[in-house]
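S.K.: Sending over a structure as structure tokens; questions will come in a sec.
The values are calculated or read from the model by the stated rules, or taken from the named source; none is laboratory data. Keep in mind it's a predicted model, so treat the numbers as computed, not measured. So basically every Cβ, Gly included, is an ideal-geometry build from the backbone, and we count neighbours across all protein chains shown.
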Amino acid sequence: MQIGIPRALSYYNFFPFWYGFFSDLGIEIVLSDPTTKQTMTTGSSLVVPETCLPVKVYVGHILNLLDKKVDKIFVPSLQSILPKIYNCSKLRGLPDLIRNVVKRDFTMIEATLDKSEKNHGLYDFLMEIAKYFDITDFERVKKASKNAWRVYNNFQVMTRSGVPYKKALKSAIENKVIISENDKMYPISVALVAHGYNLYDERVSMKIFDKLEALGVRVHTADQLTLEQMKEGLNSMHSRLYWANEYEMTGAASHYIQDKNIDGIITINAFGCGPDSLMLERISRFSRKSGKPILNLSIDEHTGEAGFVTRIEAFIDMLYRKKRSSILNKIKIKNVKENYSSINCKDLISDSSY
Ligand code: SF4
């Protein structure tokens with residue numbers, strides 16, 4: 001038994017869960033190859049240009065799996081993951097979109113998860129998937145689900161402690177739990193706010209983590225926060241939860257905007273993404289109101305790396321200068337206070353450096 005999983009979209013949020021689930025059922029997972037320029041080009045050629053980059057990339061990964069001769073491919077329809085909290089229309093209608101653009105012969109495992117639907121829970125969704133492999137024993141599926149949660153929870157414990165995404169994923173599927181040992185000091189800290197598929201797909205994000213590390217920047221993401229912290233973030237912005245990704249976007253951004261140890265916020269969003277355009281508007285306003293610098297990077301398949309890097313470098317340079325001048329101001333104020341008794345007001349006014 002074999003299942004193909006595209007290395008795109010929900011892969012970046014839930015792969016540890018799928019790994020635990022399918023491996024417990026004895027189903028071999030075939031992953032598509034990491035995203036390349038060709039993945040983007042082939043995917044983009046089949047959909048209308050207005051489609052967001054992550055969906056174009058997803059189509060490219062389906063084609064890659066078909067080239068690998070995988071005949072059962074997992075394309076879930078993730079409608080709603082909490083009651084009345086919805087995914088965007090592209091994620092909800094993903095099986096229909098794929099059926100209409102990929103005209104090749106394969107079995108699409110298109111189970112639907114809809115927590116807003118009455119009497120429809122995770123087990124119904126998992127049973128629907130298992131049926132494609134003639135597995136109808138509820139107890140077997142329940143056991144596989146337990147294993148899936150174990151792997152997924154281990155993954156989350158690691159990312160929350162600061163273990164980088166790739167390392168945490170590798171350790172989780174090897175059934176190991178490691179903790180972060182990065183006690184390096186960084187002069188600048190930023191929060192990267194984006195959907196998992198825009199952050200951890202190295203081709204899409206153009207290895208932004210490596211670029212920021214090279215600039216001496218510590219990076220924080222939503223994965224390092226608890227659900228409670230993101231909920232509080234959302235509440236403090238007086239924002240209502242509507243989109244499924246609202247926690248990892250608005251909740252995380254709001255938390256980091258209020259965190260005094262974070263020097264700036266960088267967001268990455270796909271050009272043409274409806275939910276992001278709404279969420280980012282609120283995030284940007286809140287950031288400006290709080291005096292926290294923010295850089296919004298919009299990406300599509302034509303985004304050039306040179307321009308991307310220049311904007312990041314300029315932003316980080318500005319954060320360095322801002323921090324340096326705020327430290328200098330503090331030193332000057334301290335000196336003024338210490339020497340106040342020996343300085344008369346006339347000297348202070350005439351000394352322009354104060
Ligand atoms: S949330 Fe935005 S980027 Fe993600 S699939 Fe939907 S439209 Fe595309």
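S.K.: When the residues of the stretch 149-164 are narrowed to those that are in a helix (DSSP H, G or I) and β-branched (Val, Ile, Thr), which ends up nearest to the chain's Cα centre (by Cα)? It would help to see each step written out before you state the result.
M.R.: Of all residues in the stretch 149-164, those in a helix (DSSP H, G or I) come to 149-160.
Among the residues that remain, those that are also β-branched (Val, Ile, Thr) are: 151, 157, 159.
Details: VAL151: 19, VAL157: 16, THR159: 12 Å.
Result: THR159.
S.K.: Right, something else. Please find, among LYS176, LYS146, LYS184, the residue that is of a type in the set (D, E, K, R) and outside any loop (DSSP other than H, G, I, E, B).
M.R.: On the way: LYS176 fails: outside any loop (DSSP other than H, G, I, E, B); LYS184 fails: outside any loop (DSSP other than H, G, I, E, B).
Checking each option against the conditions leaves just LYS146.
S.K.: Pairs needed: first member in the stretch 252-266, among the hydroxyl-bearing types (Ser, Thr, Tyr); second member anywhere, part of a loop (DSSP other than H, G, I, E, B); C-beta distance under 7 Å; at least 6 residues apart or different chains.
M.R.: SER254/MET237; TYR256/ILE262
S.K.: Oh, and also: Residues that are among the hydroxyl-bearing types (Ser, Thr, Tyr): find the strands (runs of 3 or more DSSP E) completely inside the stretch 10-120 holding 1 or more of those. So that I can check it myself, show each step before the final result.
M.R.: On the way: elements: 28-31, 72-74, 77-82, 107-109, 112-114.
Filter on the stretch 10-120 gives 77-82, 107-109, 112-114.
S.K.: On the basis of being outside the structural domain of CYS273 (by TED's automatic domain parsing), modelled with pLDDT of 95 or more and under 20 Å from GLU248 (Cα atoms), does VAL75 make the cut? Full working, then the answer.
M.R.: Working: outside the structural domain of CYS273 (by TED's automatic domain parsing): yes; modelled with pLDDT of 95 or more: yes; under 20 Å from GLU248 (Cα atoms): no.
Judged against the criteria, VAL75 is not a match.
S.K.: From the list ASP210, ASP223, pick out the single residue that is assigned by TED's automatic domain parsing to the domain that holds ALA314, part of a helix (DSSP H, G or I) and without any contact (Cβ under 8 Å) to a residue 12 or more places away in the chain.
M.R.: On the way: ASP223 fails: without any contact (Cβ under 8 Å) to a residue 12 or more places away in the chain.
After applying the criteria, what remains is ASP210.
S.K.: Look at ASP210 and say whether it is surrounded by 15 or more Cβ atoms within 10 Å (Cβ to Cβ) and either closer than 24 Å to THR35 by Cβ or polar (S, T, N, Q) (or both).
M.R.: Details: surrounded by 15 or more Cβ atoms within 10 Å (Cβ to Cβ): no; either closer than 24 Å to THR35 by Cβ or polar (S, T, N, Q) (or both): yes.
It is false that ASP210 is surrounded by 15 or more Cβ atoms within 10 Å (Cβ to Cβ) and either closer than 24 Å to THR35 by Cβ or polar (S, T, N, Q) (or both).
S.K.: Quick one: how many residues across the stretch 269-298 are surrounded by 15 or more Cβ atoms within 10 Å (Cβ to Cβ) and within 10 Å of the ligand (Cβ to nearest atom)?
M.R.: 8
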